[in-house]
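Working notes for the structure below.
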Amino acid sequence: MSITVIIADDHALVREGIKAVLKRTTSDIDVIAEASDGKGLLDIAKKTFANVYLLDISMPLLNGLEVTARLMKMNSKNKVIILSMHDDRVSVENALKSGAKGYLVKETAPEEVAHAIREVVDGRFFLSPKIAGYIVKDFLGSRHNYGQRKQFSRLTPREKEILQLVGEGFTSKDIAGQLKAALSTVQVHRKNIMRKLDIHKQTDLVRFALKEGISKL
């Protein structure tokens with residue numbers, strides 16, 4: 001039986017590259033769908049089950065970490081592998097805490113992706129060898145930026161979604177249009193976000209979103 005995979009990445013070349021590698025090097029892994037943003041992936045996942053979801057960490061509308069968290073709420077048995085340009089410990093830690101079972105650095109992803117998929121399907125975790133050593137060593141004991149991450153965890157899924165859009169430069173009016181919500185509702189959410197994060201300036205809110213990898217400019 002084939003292992004089914006759904007890919008989400010806002011770069012078509014990345015998606016095509018991964019599909020080409022899997023087609024050339026495997027006979028048991030099939031990419032059955034793809035999306036260019038987080039919302040699109042979730043729409044597909046609601047209708048189509050896959051053994052593995054391969055997600056870019058930085059996508060428009062909803063980033064890979066938020067999508068992972070929502071996939072896990074949909075089905076705790078969902079298996080997610082995160083793709084990222086970043087090889088720092090904080091990025092990997094955030095991915096694992098969101099529910100991801102694997103983390104691939106994009107520069108080495110083509111030669112590792114099939115192995116990662118099989119490992120995750122078999123119930124194991126997979127980290128790119130480039131980062132595995134120092135990640136495993138200090139992941140559980142780390143308290144780096146604990147306060148900020150604790151504050152962020154207090155946000156509701158809708159507030160996290162709005163925070164990402166704010167970080168991507170959208171105005172409240174733009175966000176209201178995208179989410180099909182009243183402008184006043186978006187403004188209330190923004191006030192609640194700033195209160196929970198103890199942030200008082202728009203520029204600081206954008207900076208927080210970028211620093212935590214929530215948004216992509």
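Laboratory data are not the source of any read-out in this text; all were calculated from the coordinates shown. The structure presented is a predicted model; accordingly, all values stated were derived computationally and were not measured. Because the Cβ atoms are built from the backbone with ideal geometry, glycine has one as well, and the counts that use them run over all protein chains shown.
Before moving on, here are some points about what is shown:
- Within the straight-line cut-off of under 13 Å between alpha carbons, the aspartates and glutamates reachable from LYS23 are GLU111, sequence neighbours fewer than 8 places apart in one chain being disregarded.
- Karplus-derived 3J(HN,Hα), 6.51/-1.76/1.60, for each residue of segment 56-68, Hz, glycine and proline x: 5, 6, 10, 10, x, 6, 9, 6, x, 5, 5, 4, 4
- Estimated vicinal HN-Hα couplings, Hz - segment 22-27 in sequence order (Karplus 6.51, -1.76, 1.60; Gly, Pro = x): 5, 5, 6, 10, 10, 10
- When the chain is described by a simple charge dipole with +1 on each Lys and Arg Cβ and -1 on each Asp and Glu Cβ, the residue from ALA176, VAL121, ILE81 located farthest towards its positive end is ALA176.
- Model label sites at VAL188 and MET1, defined 7 Å from Cα along the beta-carbon direction, differ in position by 4.6 nm.
- Lysines with Cα under 24 Å of LYS201, excluding same-chain neighbours fewer than 8 positions away: LYS150, LYS160, LYS173, LYS191, LYS211, LYS216
- Overall, the chain carries a charge dipole of about 920 debye about its Cα centre when +1 sits on the Cβ of Lys and Arg and -1 on the Cβ of Asp and Glu, all other atoms neutral.
- The per residue volume of the convex hull around the alpha-carbon atoms of segment 1-67 is 69 Å³.
- Candidate values [x] 18.3; [y] 17.8; [z] 23.8 were compared with Kirkwood radius over Cα pairs in Å computed on the shown model; the agreeing label is [y].
- Across segment 171-184, rounded Karplus estimates of 3J(HN,Hα) from the backbone phi angles (6.51 cos²θ - 1.76 cosθ + 1.60, θ = phi - 60°) give 7, 4, 5, 4, 5, 4, x, 5, 8, 6, 10, 5, 4, 4 Hz, Gly and Pro being marked x.
- Amide H contacts of TYR103 (H built 1.01 Å from N, in plane; Pro and chain starts excluded): ILE82, PHE126, LEU127, SER128 sit under 5 Å, all sequence-distant by 5 or more or on other chains.
- Scoring 111-122, 173-184 by mean Cβ neighbours within 10 Å over their residues and listing the highest first yields 111-122, 173-184.
- Whole-angstrom gap from segment 153-189 to segment 71-124, using each part's C-alpha centre: 27
- Ordering VAL186, LEU155, LEU210 by the projection of their Cα atoms onto the charge dipole of segment 147-211, which places +1 on the Cβ of Lys and Arg and -1 on the Cβ of Asp and Glu, puts LEU155 at the extreme positive end.
- Selection from ALA109, GLY40, ILE199, by position along the positive dipole direction of the chain (Cβ): ILE199
- Across all directions, the average projected area of the convex hull around the alpha carbons of segment 147-211 is 3.9 nm².
- Take 195-201, 14-20 and order them by the average number of nearby Cβ atoms within 10 Å per residue, most first; the result is 14-20, 195-201.
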